[in-house]
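Scroll down for the structure; my scribbles are underneath it.
The values are calculated or read from the model by the stated rules, or taken from the named source; none is laboratory data. Worth saying up front: this structure is predicted, and the values here are computed from it rather than measured. Every residue, glycine as well, gets a Cβ built from its backbone with ideal geometry; the counts of neighbours run over all protein chains shown. Only protein heavy atoms, including side chains, enter the accessible area calculation; ligands, DNA and RNA are left aside. Shrake-Rupley method; radii C 1.70, N 1.55, O 1.52, S 1.80 Å.
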Amino acid sequence: MNKEEQQANSGTKLNPPFTDKDSIRVSVLSEALPYIQRFANKRIVIKYGGSAMVDKTLQNAVLRDIALLSSVGVQIVVVHGGGPEINQWLEKLGIKPIFLDGLRITDTETMDVVEMVLVGRVNKQIVSGINNHGSLAVGLCGIDAGLIEARTLGGGSHGLVGEVAKVNTKLLTPLLDEGYVPVISSVANSHDGRSHNINADTVAGELAAALGAEKLILLTDTPGILKNENDPSSLIEKIRLSEARELIDQKIVKEGMRPKVECCIRSLAQGVNAAHIIDGRTPHALLLEVFTDSGIGTMVMGRG
Ligand code: ARG
């Protein structure tokens, strides 16, 4: 009788060479299988912003999640905002912020800084982070290959703040088909060639629609849509598009959450399958949302 047979006969349990943590890890991987199969070769547009852009650990987790999603064949497009870097540079350069009705006025000088910081620095940091995790990212902004054309918002009352007038995703298709991750700054030219700063959620939503994306995912600093804004346990996990509209009408969705939900609604109405509002303050929120059954935030379903 060899040692193992002796142990089996004596009723002593063999010490497995793997730990409980390993078991959890493989069961999570196994739970992910149907989603990996379902989302392979599909497009997911991720709006990257908030705390997940500021905190180094969170940042690393997001970029690693993006590399993982891309490595299993999901076609990822990242759209990013500026984070606090724009303000830091405006301050360093002694440019005083001017506000109207709580919104920053983007004059030409401010726009120069926005463009330099967003396109030159923030964008390249994200690209480099994804590259470091072994996927290849390409940094772009709305100006490249006419990806986005801006229209000056509200007749110019806030300066060079724009909305999306046109989208041309021709450049993105070959990049995505080759497995690159396009990382896009929300800066775009108006038809007369002036750079505008556009809200990154809006850009992500419009790109998702134009790309026929499977999902739009907004990384935010909230758990998702809450029934009661002061109670994080009142999270609405899954709703239909029509219910999302009702929540706005009933003013359950209001203030800062409203434009986010409206952006989800617009992309869903244009054919995106699902829009997710998730908490970027939770490490690996992206993987939790995409690869588990229950997800982590609010999923708004377009069809069915
Ligand atoms: N992982 C699945 C998906 O991405 C389900 C996510 C469910 N999320 C939620 N917040 N209820 O489609």
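Indicate, rounded to the nearest 5 percent, the antiparallel portion of the DSSP beta bridges found entirely in region 123-255.
Values: 9 of 18 bridges.
The antiparallel proportion sits near 50 percent.
Quick one: 3J(HN,Hα) in Hz for region 209-214, Karplus 6.51/-1.76/1.60 with θ = phi - 60°, rounded, Gly and Pro as x.
Listing the rounded values in order: 5, 5, 8, x, 5, 6 Hz.
Would you mind checking which residues have amide H under 5 Å from Lys42's amide H? H placed 1.01 Å from N; only 5 or more apart, or other chain.
Gln75
Provide the per-residue ³J(HN,Hα) series for region 16-26, in order, calculated from phi with Karplus coefficients 6.51, -1.76, 1.60 and θ = phi - 60°, each as a whole number of Hz, with x at glycine and proline positions.
x, x, 10, 9, 4, 4, 4, 4, 4, 4, 6
With a 1.4 Å probe and all protein chains left in place, how much of the accessible area of region 128-233 comes from carbon and sulfur atoms, in whole percent? Before the final figure, lay out the partial values.
Values: 2040 of 4350 Å².
Using a 1.4 Å probe with all protein chains present, region 128-233 comes out at 47 percent carbon and sulfur.
Taking the mean number of other Cβ atoms within 10 Å as a proxy for protection, how do you rank 238-244, 27-33 from highest to lowest? Before the final figure, lay out each step's value.
On the way: 238-244: 15.1, 27-33: 12.0.
Ranking the peptides 238-244, 27-33 by packing returns 238-244, 27-33.
What length, rounded to one decimal in nm, is gained on full extension from Ala269 through to Leu29, with 0.36 nm per residue of separation minus their alpha-carbon distance?
83.2 nm
Taking amide hydrogens as modeled 1.01 Å from N in the peptide plane, which residues meet the under 5 Å criterion relative to Cys141, leaving out close sequence neighbours?
Ser185
Once both labels are modelled 7 Å past Cα along the beta-carbon direction, what's the Glu178-Arg121 spacing in nm?
In this crude label model, Glu178 to Arg121 measures out at 3.0 nm.
With every protein chain kept in place and ligands, DNA and RNA left out, what is the accessible area per residue of region 175-292? Probe 1.4 Å, answer in Å². Walk me through the numbers before you get to the answer.
Details: 4900 Å² over 118 residues.
Value returned for region 175-292: 42 Å² of accessible area per residue.
In nm, to one decimal, how far is the Glu91 label point from the Asp55 one, both placed 7 Å along Cα→Cβ?
2.0
Starting from the amide H of Val272, placed 1.01 Å from N in the peptide plane, find each other amide H under 5 Å away whose residue is 5 or more places distant or on another chain.
none
Hey, how many Å between the Cα centroid of region 55-96 and the Cα centroid of region 98-124?
Comparing the Cα centres of region 55-96 and region 98-124, I get a distance of 16 Å.
Considering only Cα-Cα distances, which of the following residue pairs are longer than 25 Å: Lys56/Lys124; Lys92/Lys124; Lys124/Lys238; Lys56/Lys92?
Details: Lys56/Lys124 15 Å; Lys92/Lys124 20 Å; Lys124/Lys238 34 Å; Lys56/Lys92 22 Å.
Beyond 25 Å between Cα atoms: Lys124/Lys238.
Could you run the Karplus curve 6.51 cos²θ - 1.76 cosθ + 1.60 with θ = phi - 60° over region 131-142 and give me ³J(HN,Hα) per residue in whole Hz, x for Gly and Pro?
4, 4, 8, x, 10, 9, 10, 10, x, 9, 9, x
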